[in-house]
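The values are calculated or read from the model by the stated rules, or taken from the named source; none is laboratory data. These numbers were taken from a predicted model, which means no experiment stands behind them. Positions of Cβ are backbone-derived with ideal geometry, glycine not excepted, and every protein chain shown enters the neighbour counts.
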Amino acid sequence: MSNRPINQHKVSPFQGEPYTIPTKDEHGNSAMRVYINEITPEGASWADGLGALYTFALFVFLFFVGAGSGNLLVWIICMIATFSAHKSIVRHFYLSMVKSTEVMFTPTEFRVKAEGGAMAGL
């Protein structure tokens, strides 16, 4: 009899991130294919910079929209909207900078295929 509770399910070691598939290589050897979707340090820097630039542009635009309305409440709402939108703007750029990489592990080697490239063996 098993010591595991009745309602507990077995969990695959390949469940979750990164997406992993047990497979075979072209010679019939067992292999693991791993799909990695992450942002590079350079992409993160670009996302931060572009997010700050777009937030500043939104601030300037809404500053003049609020000031042009002649209503202090509208101006305050425009300023709050700018700072509230900053996280969403940066998140958008982070998601647009994500790179996809496929890695295949065999008992004797591993190969990497970057987004749009050919599989390179190492």
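So here's what we get for this one:
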quantity: Complete set of residues in region 44-74 that are closer than 18 Å to residue 89 by Cα and at pLDDT below 90; calculated: 62, 63
quantity: Residue match in region 39-49 (condition: outside any helix (DSSP H, G or I) and either touching a Ser or Thr at 6+ places or on another chain (Cβ under 6 Å) or surrounded by 14 or more Cβ atoms within 10 Å (Cβ to Cβ) (or both)); calculated: yes
quantity: Selection from region 11-38 of residues that are surrounded by fewer than 11 Cβ atoms within 10 Å (Cβ to Cβ) and of a type in the set (Gly, Ala, Ser); calculated: 12, 16, 28
quantity: Residues within region 86-120 that are surrounded by 12 or more Cβ atoms within 10 Å (Cβ to Cβ) and in a helix (DSSP H, G or I), tallied; calculated: 8
quantity: Qualifying positions in region 60-85 - of a type outside the set (A, V, I, L, M) and either under 30 Å from residue 32 (Cβ atoms) or surrounded by 17 or more Cβ atoms within 10 Å (Cβ to Cβ) (or both); calculated: 66, 75, 78, 82
